[in-house]
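To keep things clear, I will list the structure first and then write my remarks on it.
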Amino acid sequence: MRATRTDRSNDHTNDTDNNQQREFDKMFMMVKKHLLAASVSVTALLPIGAMAQEAVFVLGTNEVGIPSYNLLTAVNTNSVYPMIYDNLVAQDDDLSFHPYLAESWEEAPDGMSWVFHLKSGVTFHNGKPFTSADVAKFIEMFRSTESSYMVDAIASVETPDDLTVKFNMKNPDPNILYNLASSFMGIPDPDAVTALGDDYGITEAVGTGPFKLESFTLGQETVVVRNDDYAWGSSLSANQGPAKLARITFREIPEDSTAFLELKSGGVDALLALPTDYLAEIATDATLAVAKIPGQEVYYMPINVTKEPFTDIRVRQAAALAINQPEILANVFSNYGAVANNFLISALPESKIDPALTISYDAAKSNALLDEAGWTMGADGIREKDGQKLSVSLWTQNDSIFRRLTEVVQAELKAVGFDAQIQTFDSSTIRDQYKTGEHQLAVRSYFWNNADIVDWFFGADRLGYPNVSMFNDPKAEELRTKAMTGSKTSEERVANFTAYHEYVTSQFPYAPIYQPEQNMAFNKDRLDMPTEINGTSITGVVMVDVGVKE
């Protein structure tokens, strides 16, 4: 990609009842899978009471293809991660931080140490007590991950007792609470990670979260079951105890229209990400509703700066200025959401760059830049230079919104003389394709609400993926280092990241397109959703409060 009424009456059954329920659950899930495959609504065939603790959700298309639930090998996470793993701290939708596995913390006045006081009585899914030693082991293991920058500022970890963790810092890190609250830093049992080796995150994933991994089928579905021992929920949840749902199936459906038909027919209970195309239709369906969460997504067009003709900054700028963001907002997204004029979501202070550097549609300037770069308009509407057509590849993924948006981008590029040829890849494999470096343009989106996403997608040590733009600029690297490690206070960090963001934007390795709202669609006759979602997305903090109506 993360928050009402506690009801534990279903937890108080005798052993016989539990055995009977487990046998019924097994039989029910077999029947349910067959029915779903035939797109038949289970609710039409079984009494609601029999399914009172079951729900089926569909992951967003940008979450399809996660290879495992191993935090230490993850390049991308999905919405199931924070169901399995709890964090030291939780983040609300207003970007404030709240206790989670840590019930309190203190930062030294000079920022050179942090002390976290852990909740007592917390256990991993395997029954092992959660202690400060597990945090210390996890931090050390995390140093070898793709996301190691999140702990780079931590010099060492001390564990004065089982419930106290002290981070000694190499340098102050004003972003440390955000890092600790991210989906990449939920805490697994480090001993289980070591014991299971390559199987960890596939056959088993051991956290302290409100749900346990029951099964995982790559590219198809993930099934989690309730952690009945859970009693340490975040203060952002109305329910601090075991979740209301006993089992959740998270299906992967890479095609938005197929997922929406499943919701309409009753084959699934909710879509964790709803394209804006379907909002109007949902408004006319009495059984469906939408839960809105502050948007954290940006659609953009990465430009491969190492491939001709985009080694010329004038051509990159021309391509960026050809993107008509207002037209896309109106015609593709029905005016839901907002235009994007730089790389960050508009809620972040680091998005407030110099207005002269924002990227907005300007066809006249785009044409002038291409003229200046020596690309002359041909009789067929495609520009030429030295006998070569201005023909470029435009990569996208195979779900409907991306295909539709990419076709609009293709037409807008053609209007200024680009011949953009669309190449479509499966959403679960396109990341590997980027690593070949053969692309020129692409249409992508990311989901993140912190300025360090600029580092992630434009850092020179991540060329191919996630740095799809292949951007490697010495000045950018200097500004990147200062932004990531040179800030003592939050104010300094904002200033440093703003400068880094401004410079990257000035080099046109991307074109901003659109900021969507984040919408979850659900069957309101089946699901009992909390009236207020406290969190940055649908996570375990939220899901413990979700129930099924009887």
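Of the residues that sit in region 78-89 and are in a loop (DSSP other than H, G, I, E, B) and aliphatic (A, V, I, L, M), which one is nearest to Asp399 (Cα to Cα)?
Restricting to residues being in a loop (DSSP other than H, G, I, E, B) and aliphatic (A, V, I, L, M), the top hit is Val80.
Please indicate, with yes or no, whether at least one residue in region 533-545 is farther than 30 Å from Ala246 by Cβ, among the hydroxyl-bearing types (Ser, Thr, Tyr) and part of a loop (DSSP other than H, G, I, E, B).
no
Against the definition (modelled with pLDDT of 95 or more, on the phi > 0 side of the Ramachandran plot and of a type outside the set (Lys, Arg)), how does Phe508 come out, yes or no?
yes
Looking at (1) part of a helix (DSSP H, G or I); (2) among the aliphatic types (A, V, I, L, M); (3) surrounded by fewer than 16 Cβ atoms within 10 Å (Cβ to Cβ), can you tell me which one Val75 breaks?
(1)
Pick from region 127-152 the residues that are aliphatic (A, V, I, L, M) and at pLDDT 95 or above: which of them is farthest from the chain's Cα centre (by Cα)?
In the first step, residues of region 127-152 are kept if they are aliphatic (A, V, I, L, M); the result is 133, 135-136, 139, 141, 150-151.
Okay, now just the ones that are also at pLDDT 95 or above, so 133, 135-136, 139, 141, 151.
Values: Ala133: 29, Val135: 24, Ala136: 26, Ile139: 22, Met141: 22, Val151: 20 Å.
Across region 127-152, the extreme among qualifying residues is Ala133.
Please work out which residue is nearest to Val224 (Cα to Cα), limiting yourself to region 257-277 and to residues that are modelled with pLDDT under 90 and not in a loop (DSSP other than H, G, I, E, B).
Checking each candidate, the answer is Thr276.
Among the residues of region 516-538, which ones are under 16 Å from the mean Cα position of the chain (by Cα) and more than 21 Å from Phe260 (Cα to Cα)? Before you say what the answer is, go through the steps one by one.
Narrowing region 516-538 to residues under 16 Å from the mean Cα position of the chain (by Cα): 516-520, 535-538.
If the condition is that a residue be under 16 Å from the mean Cα position of the chain (by Cα) and more than 21 Å from Phe260 (Cα to Cα), then Gly535, Thr536 are the ones that fit.
Is it true that some residue in region 351-373 is closer than 19 Å to Val454 by Cα, buried (at least 16 other Cβ atoms within 10 Å of the Cβ), in contact with a Lys or Arg (Cβ under 9 Å, 6 or more places away or on another chain) and hydroxyl-bearing (Ser, Thr, Tyr)?
No; the residues of region 351-373 include none that is closer than 19 Å to Val454 by Cα, buried (at least 16 other Cβ atoms within 10 Å of the Cβ), in contact with a Lys or Arg (Cβ under 9 Å, 6 or more places away or on another chain) and hydroxyl-bearing (Ser, Thr, Tyr).
Criterion first (assigned to a helix (DSSP H, G or I) and buried (at least 20 other Cβ atoms within 10 Å of the Cβ)) does Met141 satisfy it?
no
Determine whether region 71-92 contains at least one residue that is among the aromatic types (Phe, Trp, Tyr), over 21 Å from Phe211 (Cα atoms) and in the same structural domain as Asn534 (by TED's automatic domain parsing).
No: region 71-92 contains no residue that is among the aromatic types (Phe, Trp, Tyr), over 21 Å from Phe211 (Cα atoms) and in the same structural domain as Asn534 (by TED's automatic domain parsing).
Could you tell me which numbered condition Ser334 fails, if it satisfies all but one of (1) farther than 19 Å from Val454 by Cβ; (2) outside the structural domain of Ala259 (by TED's automatic domain parsing); (3) buried (at least 19 other Cβ atoms within 10 Å of the Cβ)?
(3)
Filter region 491-519 down to the residues that are crowded, with 22+ Cβ neighbours inside 10 Å, part of a loop (DSSP other than H, G, I, E, B) and touching a Gly at 6+ places or on another chain (Cβ under 9 Å) and list them by number.
Scanning region 491-519 gives a single hit, Pro516.
Within the bounds of region 458-466, is there any residue that is among the hydroxyl-bearing types (Ser, Thr, Tyr) and surrounded by 22 or more Cβ atoms within 10 Å (Cβ to Cβ)? If you could, list the steps in order and put the result at the bottom.
Pass one, region 458-466, residues among the hydroxyl-bearing types (Ser, Thr, Tyr): 465.
Then keep just the ones that are surrounded by 22 or more Cβ atoms within 10 Å (Cβ to Cβ); that gives none.
No, every residue in region 458-466 fails to be among the hydroxyl-bearing types (Ser, Thr, Tyr) and surrounded by 22 or more Cβ atoms within 10 Å (Cβ to Cβ).
Failed condition for Tyr85, given (1) under 15 Å from the mean Cα position of the chain (by Cα); (2) at pLDDT 90 or above, with all others met?
(1)
Would you confirm, using the coordinates I've provided, whether Tyr69 is more than 15 Å from the chain's Cα centre (by Cα) and closer than 20 Å to Pro188 by Cα?
No: the conditions fail for Tyr69.
Taking the criterion of being within 30 Å of Arg493 (Cβ to Cβ), in the same structural domain as Lys307 (by TED's automatic domain parsing) and in a helix (DSSP H, G or I), would at least one residue in region 419-439 satisfy it?
yes
Any chance you could count how many residues in region 316-370 are small (Gly, Ala, Ser) and assigned to a helix (DSSP H, G or I)? Can you show your working first?
Let us first name the residues in region 316-370 that are small (Gly, Ala, Ser), namely 318-320, 322, 330, 334, 337-338, 340, 346-347, 351, 356, 360, 363-364, 366, 368.
Among the residues that remain, those that are also assigned to a helix (DSSP H, G or I) are: 318-320, 330, 351, 356, 363-364, 366, 368.
Looking only at that region, the number is 10.
The values are calculated or read from the model by the stated rules, or taken from the named source; none is laboratory data. Everything quoted here is computed from the prediction, not taken from an experiment. Cβ: placed from backbone, ideal geometry, glycine included. Neighbour counts: every protein chain shown.
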